[in-house]
Amino acid sequence: MSDSDKLKQEEIGSAPAGDRSVTRRGFLGGAAAAAATLGFPAIVRAQEEKRVVLYCPESPDLSSKIAKAFEAETGIAVNVQYGGTNVIVNRLLAERANPNADVWYGGGGLLSFLFAKREGITTPYVPPEFKDLPVQQGNVYLRDAEWHFVGAEVFVIGFAYNPKTLTKEQAPKTWDDLLDPKWKGQIQMPNPAASGTATLSVLAQMMQTIRAGRTEKDAWEYWEKLNKNVSLFPESGAAPTRAVAKGDAKIGICFSFMPWGLAARGESVDFILPTQTPVIANPVALVKGSKRPENGKRLYDFILGVKGQQILADYSQIVLNKKVKPTTPMSFEQVSRNAMPLDVNWAQANYDRIRNEWRSRFG
């Protein structure tokens, strides 16, 4: 036996085989040996096993509810870090070589996730609960073809109105209806220079116009006309719906969950589903190279599972898990019938250009 082997034996201790007691010196020696064998990073990873980091631009109330429910079920603490979609994407880009996040959920639809995939931020994962989910159903894209992201729910863009000031029959039913001079000064729309909701609306109108054999110039003429009827372009995507509920606007361009959520809390506001309108998935994705990939997968699966989807449904979201009973006035099948065709790759490729053009035209 070498001198170093004798030293190790002395440090570990010389208790008989049947004696399981360990001296303090023996314990410290064993820990040192384990660290030498496994490496310090492995010990750190073991300490991190009971947590997971979620980046999420959705409301803190909704995100914290998901986090608490997941922790109650698994014992894994969720560190939710909030921020606007652009802030989160830029942070993921900056951290690409050393990711802090494990999971990214939400962000106004899938366009930002397409960009993230192209930039190498996300990694493929097939969630067991949604393994049979098609890439597309009708005109609605539900997931990435290579499983870099999967829709947790779908967002529908339409019109908020206040039943106290406007009947459903009087409310506009199509995007062209918004151009009627009777709505002059009565419409609010999120600013496309700041809001993903509004940018998607502009992109969709562009695609619809081009698909009809007209030009991008013709599409901009639509927005020039609508601009005459819009009283305010607030920075917040939710602001037009709140304005409608307060009576400060007759029509607000919005996602469906916004008026439904306010109505569920007793506000006087409802939603019009236009005959042809954008319907897109709001995804969840795993961050490439994350430090806690298994915990990330468990949180991902929870969001898409019955308990996570029920939480989303309770927040007026149109969820995609068929085991969960819809709580919204409209189901996915209903809204998908009104979904306009979207070329998501064109939309993602032209996103910045169209947004910059909006700024130059309308400020």
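Derived from the Cα gyration tensor, the three semi-axes of the equivalent ellipsoid of region 271-346 are 27, 18, 8 Å, largest first. Describe numerically, in nm with one decimal, the distance between label points set 7 Å from Cα along Cα→Cβ at Ala69 and at Gln334. Inter-label distance under the simple model: 2.2 nm.
Using only side-chain charges placed at the Cβ, +1 for Lys and Arg and -1 for Asp and Glu, the dipole size of the chain relative to its Cα centre rounds to 360 debye.
Among the GluC sites (Glu not before Pro) in region 194-295, those placed in a DSSP loop whose Cβ has at most 12 other Cβ atoms within 10 Å are Glu235.
Pairs spanning more than 19 Å between alpha-carbon atoms, out of Lys68/Lys307; Lys168/Lys250; Lys65/Lys288; Lys182/Lys228; Lys228/Lys250: Lys65/Lys288. Taking 7 Å steps out from each Cα toward its Cβ at Glu294 and Lys246 produces label points 5.1 nm apart. The aspartates and glutamates within cross-link reach of Lys291, meaning a Cα-to-Cα straight distance under 20 Å and a gap of 8 or more places when in the same chain, are Glu48, Glu49, Glu71, Glu95, Asp102, Glu119, Asp301.
The fraction of accessible area contributed by carbon and sulfur in the chain is 52 percent, rounded to a whole number (1.4 Å probe; ligands and nucleic acids excluded).
Paramagnetic label reach from Lys322 (point 7 Å along Cα→Cβ; backbone nitrogen cut-off under 12 Å): within region 124-157, residues 130-134.
I want the antiparallel fraction of DSSP beta bridges within the chain, as a percent rounded to 5. Please report the intermediate quantities before stating the final value.
On the way: 24 of 37 bridges.
The answer is about 65 percent antiparallel.
Distance from the alpha carbon centroid of region 76-153 to that of region 271-318 works out to 9 angstrom. Treating each Cα of region 201-269 as one equal point scatterer and applying the Debye formula with no solvent, the log10 of I(q)/I(0) at q = 0.23 Å⁻¹ comes out as -0.96. Amide H contacts of Ala152: Asn282, Val284, each under 5 Å away and 5 or more positions distant or on a separate chain (H built 1.01 Å from N in the peptide plane; Pro and chain starts excluded). Residue by residue, region 249-261 carries 3J(HN,Hα) couplings of 8, 7, 10, x, 7, 7, 7, 4, 5, 5, x, 4, x Hz when phi is fed to the Karplus relation 6.51 cos²θ - 1.76 cosθ + 1.60 (θ = phi - 60°); x denotes Gly or Pro.
To the nearest 0.05, how large is the calculated FRET efficiency for Asp218 and Glu119 if R₀ is 45 Å and r is the Cβ-Cβ distance?
Working: r = 33 Å, r/R0 = 0.73.
Efficiency computed from Cβ-Cβ geometry: 0.85.
In this rough spin-label picture, where each label sits 7 Å from Cα along the Cβ direction, the Glu235-Lys182 distance is 3.6 nm. For the peptides 331-337, 102-108, 187-193, residues were scored by their other Cβ atoms within 10 Å and the scores averaged per peptide; the highest-first order is 102-108, 187-193, 331-337.
Here the Karplus relation 6.51 cos²θ - 1.76 cosθ + 1.60, evaluated at θ = phi - 60°, turns the backbone of region 198-209 into coupling constants of 6, 4, 5, 4, 5, 4, 4, 5, 4, 5, 5, 5 Hz, with x for every Gly and Pro.
R0 = 41 Å: FRET efficiency of Thr165 with Ala97, Cβ-based, nearest 0.05?
On the way: r = 54 Å, r/R0 = 1.30.
With R0 = 41 Å, the Cβ-Cβ based efficiency is 0.15.
The values are calculated or read from the model by the stated rules, or taken from the named source; none is laboratory data. Keep in mind that this is a model prediction, so the values were computed, not measured. Neighbour counts are summed over all protein chains in view; Cβ atoms, including those assigned to glycine, are modelled from backbone coordinates with ideal geometry. The accessibility values were calculated without ligands, DNA or RNA, using every heavy atom of the protein model including side chains. Shrake-Rupley method; radii C 1.70, N 1.55, O 1.52, S 1.80 Å.
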